[in-house]
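The values are calculated or read from the model by the stated rules, or taken from the named source; none is laboratory data. Treat the numbers as computed from the prediction; the structure is a model and nothing was measured. All Cβ positions, even for glycine, are placed from backbone atoms using ideal geometry, and neighbour counts span all protein chains on display.
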Amino acid sequence: MKSFKRYMITSALPYANGPVHIGHLAGVYIPSDIFTRYLRAKGVDVISVCGSDEHGVPITIKARQENTTPQAIVDKYNAIIKESFEKFGIAFDIYSRTTSKVHYETASEFFRKLYDKGVFIEKTTEQYYDEEVGQFLADRYIMGTCPHCGNEKAYGDQCEKCGTSLNPTDLKDPKSMLSGSKPVLKSTKHWFLPLDKFQPDLEKWILTDHKEWKSNVYGQCKSWFDQGLQPRAVSRDLDWGVPVPVEGAEGKVLYVWFDAPIGYISATKELTPDWEKYWKDPETRLIHFIGKDNIVFHCIIFPAMLKAEGSYILPDNVPANEFLNLEGDKISTSRNWAVWLHEYLEEFPGKQDVLRYVLTANMPETKDNDFTWKDFQTRNNSELVAILGNFVNRAMVLTKKYFDSKVPAIKEIDEYDRETLAEIPKIKQSIEKSLDEFRFREALKEAMSLARLGNKYLADTEPWKVFKTNPDKVATILNVSMQITANLGILLEPFLPFTSEKIRNMINYSSKSWAEAGTDNLLQPGHQLNEPELLFEKIEDDVIEKQLNKLRKVKEENEKANAKVAPPKDLVTYDEFSKMDIRVAKVLEAERVPKTQKLLKLKIDTGLDTRVIVSGIAEFFEPENLIGKQVVVLANLEPRKIRGIESKGMILMAEDIDGKLQLVSPLGMVSNGSTVK
Ligand SMILES: Nc1ncnc2c1ncn2[C@@H]1O[C@H](COP(=O)(O)OP(=O)(O)OP(=O)(O)O)[C@@H](O)[C@H]1O
Ligand SMILES: [Zn+2]
């Protein structure tokens with residue numbers, strides 16, 4: 001790898017329309033923090049910046065909903081987010097915000113420079129305009145009927161029911177969300193960044209020159225290139241954001257994804273007058289930490305902007321993570337399905353490192369991953385308490401008991417002691433190798449293997465049994481144990497900064513310099529230790545149960561909020577109803593239709609005959625559980641071929657509001673073929 005003089009680390013700017021949750025930490029801020037702390041411990045010249053992303057439409061919508069101003073919304077969440085990061089030890093050099101004065105100037109100048117160089121394409125397009133309010137409507141401000149699925153609450157950019165991405169003009173019966181009126185099309189001018197022109201350069205830069213990037217990142221970039229890059233509008237008709245700094249752009253602001261990444265530069269500018277060195281000197285290694293939904297912005301759009309500007313370096317790596325889920329469901333701010341950091345801090349005071357540990361151990365590095373409270377408890381109790389905490393505590397307490405808290409000198413040393421000490425530099429090396437490759441889970445595992453080593457060493461050597469007969473042996477054992485403890489104090493620092501500090505305080509060794517770790521004589525004989533202190537405590541079942549109950553409540557509330565009974569249908573005559581031949585039938589055989597997810601093939605006895613019905617219920621029933629059950633069927637439905645199988649009739653089901661199906665069956669025994677009327 002090319003060697004660099006300094007590092008510029010950025011972490012995705014959290015969007016200031018809500019607090020931060022465990023997904024944010026696991027996806028972006030913990031990896032960024034581990035990496036930064038590691039570099040600092042090595043004495044590398046590094047700056048790490050972040051800040052709140054405070055523009056864009058969702059913030060204006062939230063302000064409108066809460067009857068307040070966008071500024072009030074971002075002030076509130078910026079403060080909460082900033083404090084959560086500080087308390088979790090996420091050690092940015094600066095946490096800024098995109099509403100800062102420096103940012104307005106920087107983003108404005110950046111746009112202006114590209115404009116003056118003639119980079120942009122100017123295009124006039126037709127866009128929806130709300131005549132009552134006198135404002136162009138952002139895609140998210142338009143609601144209408146989805147042309148694909150008929151959902152009446154589809155947005156101008158996407159139908160959240162069927163997932164199709166839309167243009168506002170695709171919607172049937174569009175309505176302005178500002179006034180409820182029908183919007184009209186009106187022409188408006190915008191500036192587009194011609195990404196297609198940058199494609200050859202970007203493609204070579206990533207696909208040829210950065211084959212070492214994580215495969216999830218590389219793969220996503222490749223698929224963007226394969227589709228072919230298109231010009232992208234970088235301005236919006238909106239009154240919240242950085243005004244487009246050119247004539248004739250009144251009422252227009254920079255697109256939030258044009259403005260946000262420039263926030264990294266502005267934050268650096270606020271931090272140091274030396275900022276240009278970190279952004280423009282090719283000897284700086286620029287690294288963006290982000291989650292997977294931000295890949296295109298950091299690997300394609302922002303680099304295109306930087307290239308167009310001309311004086312900036314491009315990122316050397318973008319080690320994006322996949323997503324963290326919570327108890328099997330996608331984390332969601334709007335559905336309150338999250339573990340919020342500010343709440344965790346109140347409910348688990350002093351346990352920041354436990355969460356840091358669990359989130360690192362489960363980091364969604366190569367695929368989406370799940371956070372569960374049960375796993376949180378297990379990792380705390382059987383790893384942090386039983387291994388790391390137990391080892392350090394034993395080493396400290398025994399040294400206090402036998403040697404008055406002074407590190408004893410090695411007297412006699414055997415093969416096992418030597419082998420144990422020889423592991424220390426090896427473990428340090430593997431941690432480094434993993435960190436250098438952004439494999440944080442692996443790195444943490446290696447660091448913990450040092451604690452495991454110590455724990456096993458003490459269990460095997462049993463100094464508490466040996467002291468009476470051979471105190472010299474015990475001196476050696478505890479010297480070895482204290483060397484391991486001291487190494488843990490340094491090597492754990494990037495991962496568990498609070499615990500590492502506690503260890504270093506206990507052993508009276510303040511340096512966390514990475515260079516010092518990896519040796520077997522960090523603590524000299526006679527070195528005075530401080531009082532032992534417990535590092536972790538057991539987490540009991542009731543604590544976990546409380547968290548699970550909290551989530552259950554959220555689920556129930558969401559279900560209630562979404563509960564919607566299907567609308568009534570038109571009236572039918574008795575004649576129409578009586579045409580339906582509805583019968584009780586018994587399931588004789590049931591099997592899955594091969595190569596399908598949803599279909600079951602059922603053989604049933606209708607009393608009239610034995611026949612086959614294909615039913616789309618495989619997601620809800622195991623075939624063997626249906627056999628022998630009485631069901632209700634519409635017997636005279638026209639036969640239909642499904643997957644080559646003739647299906648005669650339909651099994652009736654009750655569909656719950658969440659889409660789950662239940663069989664309909666007579667309450668008492670009746671014979672097959674009984675009619676339902
Ligand atoms: N569940 C998650 N797992 C991993 N990374 C995440 C997760 N949620 C958000 N991120 C990442 O955190 C960074 C900041 O997120 P941002 O504030 O933009 O929120 P978001 O993606 O809108 O999330 P949310 O909808 O939950 O608020 C982004 O890089 C994003 O990819
Ligand atoms: Zn739809």
Review point. Before we move on, is residue 176 touching a residue at least 12 places away in the same chain (Cβ under 8 Å) and either farther than 30 Å from residue 439 by Cα or within 16 Å of ligand 2 (Cβ to nearest atom) (or both)?
Key: yes
Review point. Within the stretch 337-352, is even one residue away from ligand 2 (no atom under 16 Å from the Cβ), buried (at least 21 other Cβ atoms within 10 Å of the Cβ), more than 17 Å from the chain's Cα centre (by Cα) and charged (D, E, K, R)?
Key: no
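For a quick check of your reading: which strands (runs of 3 or more DSSP E) sit entirely within the stretch 588-677 and have at least 1 residues that are surrounded by 13 or more Cβ atoms within 10 Å (Cβ to Cβ) and of a type in the set (Gly, Ala, Ser)?
So the answer is 610-615, 645-647.
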Review point. Looking at 9, 22, which is the one that is over 30 Å from residue 254 (Cβ atoms) and touching a residue at least 60 places away in the same chain (Cβ under 8 Å)?
Key: 22
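In the stretch 543-586, what residues are charged (D, E, K, R), within 49 Å of the chain's Cα centre (by Cα) and outside any helix (DSSP H, G or I)?
From the stretch 543-586, those charged (D, E, K, R) are 545-546, 550, 552-553, 555-557, 559-560, 564, 569-570, 575-576, 579, 581, 583, 586; that's our starting set.
Of the ones still in play, those that are also within 49 Å of the chain's Cα centre (by Cα) are 545-546, 550, 552-553, 555-557, 559-560, 564, 569-570, 586.
Result: 564, 569, 570, 586.
Residue-wise test of (1) surrounded by fewer than 18 Cβ atoms within 10 Å (Cβ to Cβ); (2) modelled with pLDDT under 95; (3) more than 10 Å from ligand 1 (Cβ to nearest atom); (4) among the hydroxyl-bearing types (Ser, Thr, Tyr).
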| site | (1), (2), (3), (4) |
| --- | --- |
| 6 | yes, no, yes, no |
| 12 | no, no, no, no |
| 21 | no, no, no, no |
| 40 | no, no, yes, no |
| 44 | yes, no, yes, no |
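Just to be sure, is residue 499 free of Cβ contacts under 8 Å to residues at least 24 places away in the same chain and either within 38 Å of the chain's Cα centre (by Cα) or farther than 24 Å from residue 442 by Cβ (or both)? Walk me through it before giving the result.
Details: free of Cβ contacts under 8 Å to residues at least 24 places away in the same chain: no; either within 38 Å of the chain's Cα centre (by Cα) or farther than 24 Å from residue 442 by Cβ (or both): yes.
Answer is no for this residue.
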Exercise for review: Kindly list the number of the only condition in (1) among the hydrophobic types (A, V, I, L, M, F, W, C); (2) modelled with pLDDT under 90; (3) under 48 Å from the mean Cα position of the chain (by Cα) that fails for residue 664.
Suggested key: (2)
Practice item. Return the total of residues in the stretch 240-283 being of a type in the set (Val, Ile, Thr) and either in contact with a His (Cβ under 8 Å, 6 or more places away or on another chain) or assigned to a helix (DSSP H, G or I) (or both). Key: 6
Revision key, fill the gap. Result of the Cβ filter at 6 Å on the stretch 407-430, keeping first residues that are farther than 21 Å from residue 527 by Cα and partners that are in a loop (DSSP other than H, G, I, E, B), at least 6 apart or interchain, is 425/518; 428/517; 428/518
Review point. Of all strands (runs of 3 or more DSSP E) completely enclosed by the stretch 153-239, which ones contain at least 2 residues that are touching a helix residue (DSSP H, G or I) at 6+ places or on another chain (Cβ under 6 Å) and either at pLDDT 95 or above or under 20 Å from residue 305 (Cα atoms) (or both)?
Key: none
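How many residues does the stretch 121-154 hold that are within 16 Å of ligand 2 (Cβ to nearest atom), of a type outside the set (Gly, Ala, Ser) and touching a residue at least 24 places away in the same chain (Cβ under 8 Å)?
First, the residues of the stretch 121-154 that are within 16 Å of ligand 2 (Cβ to nearest atom): 139-140, 142-154.
Keeping just the survivors that are of a type outside the set (Gly, Ala, Ser) gives 139-140, 142-143, 145-149, 151-153.
If we keep only those that are touching a residue at least 24 places away in the same chain (Cβ under 8 Å) as well, we get 139-140, 142-143, 145-147.
The qualifying residues number 7.
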Review point. Only one residue in 455, 508, 479, 487 is in a loop (DSSP other than H, G, I, E, B), at pLDDT 95 or above and polar (S, T, N, Q), so which one is that?
Key: 508
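Condition check ((1) within 16 Å of ligand 1 (Cβ to nearest atom); (2) crowded, with 20+ Cβ neighbours inside 10 Å; (3) closer than 18 Å to residue 236 by Cα) across all residues:
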residue: 91; (1), (2), (3): no, no, no
residue: 98; (1), (2), (3): yes, yes, yes
residue: 104; (1), (2), (3): no, no, yes
residue: 120; (1), (2), (3): no, yes, yes
residue: 138; (1), (2), (3): no, yes, yes
residue: 150; (1), (2), (3): no, no, no
residue: 157; (1), (2), (3): yes, no, yes
residue: 162; (1), (2), (3): no, no, no
